[in-house]
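Report on the structure given below.
The values are calculated or read from the model by the stated rules, or taken from the named source; none is laboratory data. Quantities reported herein were computed from a predicted structural model and do not represent experimental measurements. With ideal geometry, Cβ positions are generated from the backbone for all residues, glycine too; neighbour counts draw on all protein chains shown. The area values use the complete protein model at the heavy-atom level, side chains included, leaving out ligands, DNA and RNA. Shrake-Rupley method; radii C 1.70, N 1.55, O 1.52, S 1.80 Å.
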Amino acid sequence: MAKTTKRHRCIDCGSTTAKWQGRCPTCGEWNTLVEESELDPLVQALDALDLDMMPVPLSSVDVSEAVAIPTGVEEFDRVLSGGLVPGSVTLVGGEPGIGKSTLLLQVLAARAAAGHRVLLVSAEESAHQVRLRAERLGAIPPGLLILSATDVGAVIAAVTEADPDLVVIDSIQAVSIGPSVPGERRATGAPGSVTQVRECADQLVALAKARQVATVLVGHVTKDGSLAGPRALEHMVDTVLSFEGDRHHSLRLLLAVKHRFGPTGELGLFEMGDQGLNRVDDPGRLLLGDRLTGVPGGVVLPAVQGRRTLVVELQALVTPMGLAQPKRSVVGLDAGRLVMTLAVLVRHVGLPVLSMDVFASVAGGIKVTEPAADLAVALAVASSASGVALPAKLAAVGEVGLSGEIRQVTNLPRRLEEVVRLGFDQVVVPASSPTGPAGVELIRAETVSEAVARLGCGPRSR
Ligand code: TYD
Ligand code: MG
């Protein structure tokens, strides 16, 4: 008669022992050994995977599995260099209210419309609420399933049962590991706590790999950019996308922060409308639409985000000091670089901004942190401080060094092409710049002081 041998597995390190002990002999954790039969279905499914495989030549590894499948939402697929890979886990982070649920519902609907079975796990909103939103977005394909649940055990059961090829968990902070199943790995802390988020993600990642289902985790990020729980997940997932924008503007940016299946830096652009998110083909229209020309303090900058060039308006306002300390404030710019640029203006240009309040911003809810914005910031500040408006069709790009020199930037030809396309005819560029495209006058300047003098917005002679 075959003898059934009992095994005990450590829920922390995964090692097995024949005899139950209070402490795991491998990792030394207490009370982590569980009798094999008591393990939850996921651990058993993982067990079925061959974990003791031998090394194989890298060249013989089958890559057919890692083929991205388009979701049908073009801008989303562009950022993912093609689409979602089966078995991959993607984290989509963004501030509350930015449109994550809307974006992913559109992704699910597009995928379902192409005849696939997809599952939305809605842990924050009721099925009723989701249905109302889906109706706003268009027809609801039959292959789009919804599960309104917060328990990871229920999610695992649903995925096993329904066998979808795409699962979206909205959001990872709202799901938790319930204590109801005996022997199940329990996470301490309330839903949304780092322990819970990490434990839940751990199980969902294992589920994605075991069932080869493409999984998307939605994570809320707080204003200061710290993804409380989700930041702790970045190393566990294959891809991290950041969904950005200003809630008060309609433009939304989708960026790949980490991507195991392709390059990062690609940018997807959407516009939030009454019927969800639409792709934006010409961001210039949205970003420069309400621009006021002929007033001091504004200049246009061709910024690069991924493989796209975004022409944005940079604005500065210099006012007499309101408090005992001068105030420096930025929206969409790097605060440190503004302070540095102001120091250069004071020291090398002689602009009296030391005892002035300075505000600088990028219009349209876009963030530009690249050094190539320095020159445009310097010119906008100089223009506001001197009260001299810069020409309406002028753009500027260049990095400013601490000696007041203007340095070359990456992708200059692409930036120039885009400003020309949008009808700008003068661009202030570093002196070392190559010949520009036809139809644009390049104003080459070696230093900020020279650029300011050429544009007549320097300090007034006293
Ligand atoms: P939502 O996707 O719920 O954001 P998140 O999941 O990131 O918290 O959407 C947030 C906002 O988008 C909400 O304030 C309403 C707005 N919205 C539109 O403007 N148009 C639409 O078609 C939809 C569905 C939402
Ligand atoms: Mg949401």
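Stretched out fully, how many nm does the piece from Lys209 to Asp12 gain, at 0.36 nm a residue minus the Cα gap? Don't skip to the answer; put the middle values down first.
Numbers: separation 197, 0.36 × 197 = 70.92 nm, distance 1.89 nm.
Gain on extension, Lys209 to Asp12, equals 69.0 nm.
Report the Cys residues of the chain lacking a disulfide-compatible partner, meaning no second Cys Cβ under 4.7 Å from their Cβ.
So, Cys200, Cys457.
Among the listed pairs Lys209/Lys367; Lys19/Lys209; Lys367/Lys393; Lys258/Lys367; Lys100/Lys327, give every one whose C-alpha distance is greater than 25 Å.
Details: Lys209/Lys367 35 Å; Lys19/Lys209 30 Å; Lys367/Lys393 22 Å; Lys258/Lys367 18 Å; Lys100/Lys327 34 Å.
Check vs 25 Å cut-off fails for Lys209/Lys367; Lys19/Lys209; Lys100/Lys327.
If you take the square roots of the eigenvalues of the alpha-carbon gyration tensor of region 63-173 and sort them as a ≥ b ≥ c, do you get rounded (a/c under 1.5), prolate (a/b over b/c) or oblate?
Working: a/c = 1.36, a/b = 1.19, b/c = 1.15.
It comes out rounded by the Cα gyration axes.
Between Val216 and residues 5 or more places away or on another chain, which pairs have amide H atoms under 5 Å apart, with H built 1.01 Å from N, and which residues are they?
Those lying under 5 Å, H to H, from Val216 are Thr90, Val167, Val168, Ile169.
So for the chain, averaging the separation of alpha carbon pairs under 8 Å that are six or more residues apart and normalising by length, what relative contact order in percent results?
Working: 974 pairs, mean separation 52.7, N = 462.
Averaging sequence separation for qualifying contacts and normalising by length gives 11 percent for the chain.
Would you mind classifying region 226-276 by shape? Square roots of the alpha carbon gyration tensor eigenvalues, ordered a ≥ b ≥ c; an a/c under 1.5 is rounded, otherwise it is prolate if a/b is larger than b/c and oblate if not.
Verdict is oblate for region 226-276.
Taking θ as phi - 60°, what are the ³J(HN,Hα) couplings along region 308-320 by the Karplus curve (6.51, -1.76, 1.60), each to the nearest whole Hz, with x for Gly and Pro?
Here the 3J(HN,Hα) series is 10, 10, 10, 8, 10, 9, 9, 10, 9, 9, 10, 10, x Hz.
Which number do you get for Rg(Cα) / (2.2 N^0.38 Å) in the chain?
Working: Rg = 27.4 Å, N = 462, 2.2 N^0.38 = 22.6 Å.
Rounded to two decimals, the normalised Rg is 1.21.
Using each residue's phi in region 238-252, evaluate 6.51 cos²θ - 1.76 cosθ + 1.60 at θ = phi - 60° and report the 3J(HN,Hα) Karplus result to the nearest Hz, with x for Gly and Pro.
7, 9, 10, 10, 10, 9, 10, x, 9, 4, 8, 10, 8, 6, 10
Could you tell me the relative contact order of region 321-391? Use alpha-carbon pairs under 8 Å, at least six residues apart, and round to a whole percent.
Working: 76 pairs, mean separation 26.4, N = 71.
Normalised by residue count, the contact order of region 321-391 is 37 percent.
To the nearest 10 Å², what's Asp290's accessible area with a 1.4 Å probe?
Roll a 1.4 Å probe over it and Asp290 shows about 150 Å².
Quick check: convex hull over the Cα atoms of region 295-431, volume per residue in Å³, rounded to an integer? Walk me through the numbers on the way to the answer.
On the way: hull volume 13.8 nm³, N = 137.
Here the figure is 101 Å³ per residue.
For Gly138, what is the net charge nearby, where nearby means another residue's Cβ is under 14 Å from its Cβ and Lys, Arg count +1, Asp, Glu -1? Provide the component values of the computation, followed by the final result.
On the way: positive: Arg111, Arg131, Arg133, Arg136; negative: Glu135, Asp274.
After counting each charged neighbour, the total is +2.
Show me, for region 20-26, the HN-Hα J-couplings you get by feeding each phi into the Karplus relation (A = 6.51, B = -1.76, C = 1.60, θ = phi - 60°), rounded to Hz, glycine and proline as x.
Here the 3J(HN,Hα) series is 6, 9, x, 10, 5, x, 8 Hz.
For a quick check: with amide H placed at 1.01 Å from N, whose amide H comes under 5 Å from Val257's, ignoring anything fewer than 5 positions away on the same chain?
Val240, Leu241, Ser242
Round to the nearest 0.05 the FRET efficiency obtained for His249 and Val346 when R0 = 45 Å and r is the Cβ-Cβ distance. Don't jump to the answer; show the numbers that get you there.
Details: r = 33 Å, r/R0 = 0.73.
Efficiency at R0 = 45 Å is approximately 0.85.
When ranked by the protection proxy of mean other Cβ atoms within 10 Å per residue, highest first, what sequence do the peptides 27-34, 452-459 form?
Working: 27-34: 15.0, 452-459: 19.1.
Ranked by mean Cβ neighbours within 10 Å, highest first: 452-459, 27-34.
Could you calculate the contour length gain from Met54 to Trp30, that is, 0.36 nm times the residue separation minus the distance between their Cα atoms, to one decimal place in nm?
Difference between extended and current length: 5.5 nm.
For region 388-462 and region 83-123, write down the distance between their C-alpha centroids in whole Å.
42 Å
Expected output is a single nm value to one decimal: the length gained when fully extending between Ala335 and Ala127, i.e. 0.36 nm times separation in residues minus the C-alpha distance. What is it? Let's see the in-between values first.
Numbers: separation 208, 0.36 × 208 = 74.88 nm, distance 4.28 nm.
Between Ala335 and Ala127, full extension yields 70.6 nm more.
Can you list residues whose amide H is under 5 Å from Ser148's amide H, if they're 5+ apart or on another chain and H is modeled 1.01 Å from N?
Those lying under 5 Å, H to H, from Ser148 are Ser122.
How large are Rg and Dmax for region 364-439 when calculated on the C-alpha trace, in angstrom?
Considering region 364-439 through its Cα atoms, Rg and Dmax are 12.6, 33 Å.
Explain nothing, just the number: relative contact order of region 211-290, from Cα pairs under 8 Å at least 6 residues apart, as a whole percent. Kindly include the intermediate steps, with their values, before the conclusion.
Numbers: 89 pairs, mean separation 13.2, N = 80.
Once normalised by length, the contact order is 16 percent.
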